[in-house]
């Protein structure tokens with residue numbers, strides 16, 4: 001099993017243009033797509049989906065939202081909400097000593113009636129924070145803060161929306177053209193709250209441009225990060241680690257407040273956000289990451305609550321911000337899984353094991369992605385899943401097709417080789433003999449007839465032998481002209497019989513041989529297939545036939561089979577006259593091919609003294 | 001001479017009887033044992049540690065099996081691996097099938113003679129005698145002319161060109177003296193030189209080797 005896998009792996013590497021190239025191209029394509037933002041949308045979707053599916057964290061009681069809803073507006077009978085109403089709300093809340101109040105309502109212009117009352121509140125109450133809009137887009141109007149508010153009591157509410165219009169990031173500071181830095185509403189509120197708790201906000205340690213809330217450093221999001229292929233550094237930005245759960249914050253209405261339904265405990269020491277929560281006003285942002293009735297839309301004031309909550313939770317509870325791997329690690333993760341896909345598609349043959357492997361792989365990628373989100377790490381899921389599935393599932397079909405085709409071709413090639421070998425070593429040799437003797441005019445009518453009959457018979461024999469082998473491909477038999485040997489016997493014994501058979505043939509040069517130095521020793525056959533054994537037999541037959549035909553004047557023939565200098569092999573050496581060119585030809589090609597399949601070598605050389613040495617050797621254990 | 005043991009392995013009761021009778025008459029002081037299957041044969045060799053075995057090629061593996069030459073060949077292979085010094089006489093009508101294990105025979109260090117079943121009883125007894133002397137005899141049809149191992153050629157050269165004795169040869173080619181003696185048996189078989197009353201076998205060997213051009 002192990003060996004088989006190793007073999008397939010090795011073949012995969014040898015045939016890299018089939019196995020690695022398409023898989024590698026898939027990986028390259030996906031990496032390219034992600035690099036240039038082609039997968040952002042999908043990655044965001046999965047990110048939101050995972051965030052939404054996290055276990056609930058429970059309500060954050062440090063934050064209270066006073067949401068002025070449609071009913072409240074109906075009751076007031078006017079919109080925008082008049083200054084006096086807002087001043088009253090703030091005054092009422094202040095009785096219960098909140099830590100800080102964020103007024104998430106634009107008040108760049110006074111809304112009659114009650115401007116003086118509200119201005120009074122703004123001027124005297126240090127824990128009231130107002131809002132402004134700073135980053136004017138081409139078509140958006142910049143909204144100023146209330147004039148009466150001191151500068152340090154203002155935060156901006158600009159949202160950093162993604163390409164799909166959804167909110168995932170929180171802008172904490174921004175900078176104007178003059179280099180003046182402005183904080184966001186959530187930042188101002190969180191700082192005020194944490195200061196009252198004695199928790200400091202300090203510059204970051206790992207990233208000097210970032211900051212620490214208590215002991216937790218905020219990871220700055222910029223450039224190429226997470227699922228983002230490109231982000232402007234328009235200030236200090238973090239991902240929003242939305243507070244999970246169905247009701248993350250307590251929300252009360254204006255009516256609740258007026259009718260005394262609000263407990264003073266909800267307000268004491270809390271961050272109170274006052275904002276509009278009416279569908280008619282359309283203060284919405286898009287987010288899929290929050291579990292709610294209408295997950296696509298959340299009110300602006302809720303988004304602010306999430307942003308504040310993650311900052312104060314970091315400072316007070318050490319809750320993590322969402323972090324991402326540096327991009328090289330992300331791409332390493334993606335490429336690695338692409339590699340796993342290739343190996344799965346190439347190595348695993350059994351369809352069930354393959355499906356199982358595919359399932360396990362998908363489970364691991366998705367599981368890791370989700371598991372990491374739960375501990376506030378965003379790792380790539382979509383591109384990883386993409387390369388794994390395309391390579392593991394898609395390319396498998398391609399691999400299978402290629403492998404099937406190849407094994408059919410191999411089969412065909414081996415039949416052609418077998419047939420040619422048999423013809424070459426049998427009838428073709430007889431024919432060559434016949435031709436030679438007819439040139440020499442030694443041919444009598446009788447001997448011609450006899451030889452022709454022999455030729456006829458040996459061709460018929462080949463047909464029969466091929467039929468036998470074709471009908472019973474498992475049969476481990478070596479057949480030559482006159483022999484039929486069982487390849488199940490020890491190979492060196494089979495080879496010795498092949499040798500004996502060839503030497504009995506009437507080849508012209510054999511008659512001059514005086515001494516044969518022969519040694520057939522045991523060969524390691526563990527790694528030899530029947531086909532290879534057959535090939536080795538053919539090689540010996542061919543080499544000996546060559547001596548018989550070409551080694552004129554040979555007196556000494558050496559045939560060795562067994563261990564040779566750490567390798568093993570078959571070697572035929574003669575001392576006759578021989579020129580190499582005479583002996584090149586089909587036989588040599590066969591031998592080269594055989595040597596390649598044995599991962600060994602084939603050498604034929606003229607010896608310094610006289611004669612030719614012909615050797616086939618390969619690695620093997622004793 | 002102490003009593004020596006002969007084991008005859010043959011599945012034909014008649015042949016077995018004939019052979020043992022002849023052997024008994026010839027070697028009055030021998031202890032004779034018989035086996036009828038390959039399995040029995042192996043067991044007997046283990047227990048008896050015989051000086052010589054006479055074996056038929058065609059035999060059943062176990063009692064009740066069909067007799068096959070393959071079983072005999074397999075048994076011979078086994079015996080030659082396990083007892084490389086045992087003297088063996090192969091008595092068979094299928095001498096040609098021994099070609100398969102020629103390499104094993106070439107490596108066997110005990111006496112090894114082959115007696116065709118068509119031979120007279122006297123000739124058969126000679127083959128047993130030879131085997132016990134460590135002689136090697138294989139019929140000509142089993143051989144491809146002069147077929148030597150490289151070591152055997154060395155022995156010839158050292159003995160007849162350099163005039164070394166067995167002990168000297170053994171030292172030169174780094175083997176035991178008894179291995180050199182066993183090489184001589186092999187060489188003599190190749191050169192068709194066998195024990196002959198009143199003739200010096202080494203001189204015969206030298207003569208034949210010169211005839212064949214194995215030494216200058």
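The values are calculated or read from the model by the stated rules, or taken from the named source; none is laboratory data. Quantities reported herein were computed from a predicted structural model and do not represent experimental measurements. Quick reminder, even Gly has a Cβ in these numbers, built from the backbone with ideal geometry, and neighbours come from all protein chains shown.
Structure notes:
- Strands (runs of 3 or more DSSP E) contained entirely in segment A:251-320, each with at least 3 residues that are farther than 18 Å from residue A:63 by Cα: A:284-286
- Among all positions in segment A:538-548, there is no residue which is exposed (fewer than 14 other Cβ atoms within 10 Å of the Cβ) and modelled with pLDDT under 90.
- Residue check for residue B:186: assigned to a helix (DSSP H, G or I) and either more than 14 Å from chain A (Cβ to nearest Cβ) or surrounded by fewer than 17 Cβ atoms within 10 Å (Cβ to Cβ) (or both): no
- Where residue A:27 falls short, out of the listed (1) out of contact with any strand residue (DSSP E or B) (no Cβ under 9 Å at 6 or more places or on another chain); (2) modelled with pLDDT under 90: (2)
- Segment A:488-518 - residue that is outside any helix (DSSP H, G or I) and more than 20 Å from residue A:545 (Cβ to Cβ) and, of those, farthest from the other protein chains (Cβ to nearest Cβ): A:488
- Counted residues, segment A:371-393 - those being without any contact (Cβ under 8 Å) to a residue 60 or more places away in the chain and loosely packed, with under 15 Cβ neighbours inside 10 Å: 2
- Residue within segment A:401-414 that is within 30 Å of residue A:505 (Cβ to Cβ), surrounded by 14 or more Cβ atoms within 10 Å (Cβ to Cβ) and either in contact with a helix residue (DSSP H, G or I) (Cβ under 9 Å, 6 or more places away or on another chain) or modelled with pLDDT under 75 (or both) present: yes
- Condition met for residue B:148 (touching a strand residue (DSSP E or B) at 6+ places or on another chain (Cβ under 6 Å) and within 28 Å of residue B:53 (Cα to Cα)): yes
- Yes/no for residue B:131 being more than 17 Å from residue B:215 (Cβ to Cβ), in contact with a helix residue (DSSP H, G or I) (Cβ under 6 Å, 6 or more places away or on another chain) and either at pLDDT 90 or above or away from chain A (no Cβ under 14 Å) (or both): no
- Count of segment B:190-208 residues which are within 14 Å of another protein chain (Cβ to nearest Cβ), part of a helix (DSSP H, G or I) and surrounded by fewer than 22 Cβ atoms within 10 Å (Cβ to Cβ): 1
- In segment B:141-157 there is no residue matching the filter, namely being surrounded by fewer than 17 Cβ atoms within 10 Å (Cβ to Cβ) and more than 14 Å from chain A (Cβ to nearest Cβ).
- Qualifying residue in segment A:211-232 (condition: exposed (fewer than 13 other Cβ atoms within 10 Å of the Cβ), under 30 Å from residue A:76 (Cα atoms) and touching a residue at least 24 places away in the same chain (Cβ under 8 Å)): no
- Residue list for segment A:549-571, restricted to those being away from every other protein chain (no Cβ under 14 Å) and either modelled with pLDDT of 90 or more or not in a strand (DSSP E or B) (or both): A:549, A:550, A:551, A:565, A:566, A:568, A:569
- Which numbered condition residue B:168 misses (of (1) more than 14 Å from every other protein chain (Cβ to nearest Cβ); (2) touching a residue at least 24 places away in the same chain (Cβ under 8 Å)): (2)
- Candidates B:151, B:161, B:141, B:177, filtered to the one that is farther than 20 Å from residue B:108 by Cβ and more than 15 Å from the chain's Cα centre (by Cα): B:161
- If you check B:103, B:97, B:120 for being within 14 Å of chain A (Cβ to nearest Cβ) and either more than 23 Å from residue A:501 (Cα to Cα) or modelled with pLDDT of 85 or more (or both), only one passes: B:103.
- Residue A:314 vs. criteria modelled with pLDDT of 90 or more and either over 35 Å from the mean Cα position of the chain (by Cα) or surrounded by fewer than 19 Cβ atoms within 10 Å (Cβ to Cβ) (or both): no
- Index of the failed condition, residue A:80 passing every other in (1) surrounded by 15 or more Cβ atoms within 10 Å (Cβ to Cβ); (2) more than 20 Å from the chain's Cα centre (by Cα); (3) in a helix (DSSP H, G or I); (4) touching a residue at least 12 places away in the same chain (Cβ under 8 Å): (3)
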